[in-house]
Amino acid sequence: MHDDMHYYEPAQGHGLPHDPFNAIIAPRPIGWISTQDAEGRLNLAPYSFFNGFNYTPPIIGFSSVSRKDSLNNAEATGEFCWNLATRPLAEAMNQSCAAVAPDVDEFALSGLTPVASRVVDVPRVLESPVSFECKVTQIIQLQGADKASVSSWLVLGEVVAVHIAKSLLVDGIYDTAAAEPIMRGGGPADYFQLSREANFQMYRPR
């Protein structure tokens, strides 16, 4: 191994002031997930282990590290919504990640408005310019290379309805930068905002 490369094996520790894994896999889109339990109590929480996984049908997923309310609710009802976290909503999004009891409504805690969805029973965030209504397709408990289960669960859901603010559609094309999406970075508090200046185009080779 070259002297100018820091090398470590995760099982033995990284030897650094802060685990670099989250900073390397970054910036990560935020899974701002709204759910409700079987009694209709609402929950809203951001997940930085989130992404899209399939085009047709559209499937997104988030990973819950330990059993949290979003996982339990999605498992119980088979539904969840994803809401785009944007720069204007950053503080509210941050408030929604507070460690509170299951009966605490993070919509109220964050000053946000639940609005009825069209296909699923779970409400979405009114203030968010983009929301996906989802039905759970799979919940997978993750495993290590030794096949031992770890206390993390990947929740996958098919997007069955989409809400997009018309102001973000320019000649029918979704304007990614105009939505001001925020993404999670590394360290205990780093986030990134997508800007138009960061855009470049590169077509696939033919």
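List of remarks:
- Region 32-135: GluC sites (Glu not before Pro) in DSSP loop, at most 10 other beta carbons within 10 Å: Glu39
- Counting other Cβ atoms within 10 Å as a rough exposure proxy, the listed residues Cys134, Cys97 run Cys97, Cys134 from fewest neighbours to most.
- Each of Phe62, Phe107 was scored by other Cβ atoms within 10 Å of its Cβ. Arranged with the fewest first, they read Phe107, Phe62.
- Computed FRET value (nearest 0.05) for Ser167 with Gln138, which takes r as the C-beta separation and R₀ as 45 Å: 0.85
- The calculated 222 nm mean residue ellipticity attributable to helices in the chain amounts to -2500 deg cm²/dmol, summing -39500 (n - 2.57) over DSSP H runs of n ≥ 4 and dividing by all residues.
- Whole-Å distance, taken between Cα centres, linking region 140-166 and region 28-42: 13 Å
- Choice from Tyr191, Tyr55, Tyr47 showing the highest fluctuation, given a GNM over the chain with Cα pairs closer than 10 Å: Tyr55
- By other beta-carbon atoms within 10 Å, ranking Arg184, Arg196 with the fewest at the front produces Arg196, Arg184.
- In summary, region 29-194 shows an alpha-carbon radius of gyration equal to 1.00 times the 2.2 N^0.38 Å reference for compact globular proteins.
- Candidates Pro102, Pro17, Pro188, ranked by Gaussian network fluctuation over the chain, Cα under 10 Å, top entry: Pro17
- Percentage relative contact order, the chain, counting C-alpha pairs under 8 Å, at least six apart: 23 percent
- Computed log₁₀ I(q)/I(0) - Debye formula, equal Cα scatterers, no solvent, region 124-174, q 0.18, 0.23 Å⁻¹: -0.72, -0.87
- Put simply, the amide H of Asn54, placed in the peptide plane, has neighbours under 5 Å in Ile59, leaving out anything fewer than 5 places away on its chain.
No value in this document is a laboratory result; all are computed from the given coordinates. Predicted model, so just to flag it, every value in this text is computed and none were measured. FYI the Cβ positions are ideal-geometry reconstructions off the backbone, even for glycines, and counts take in every protein chain you see.
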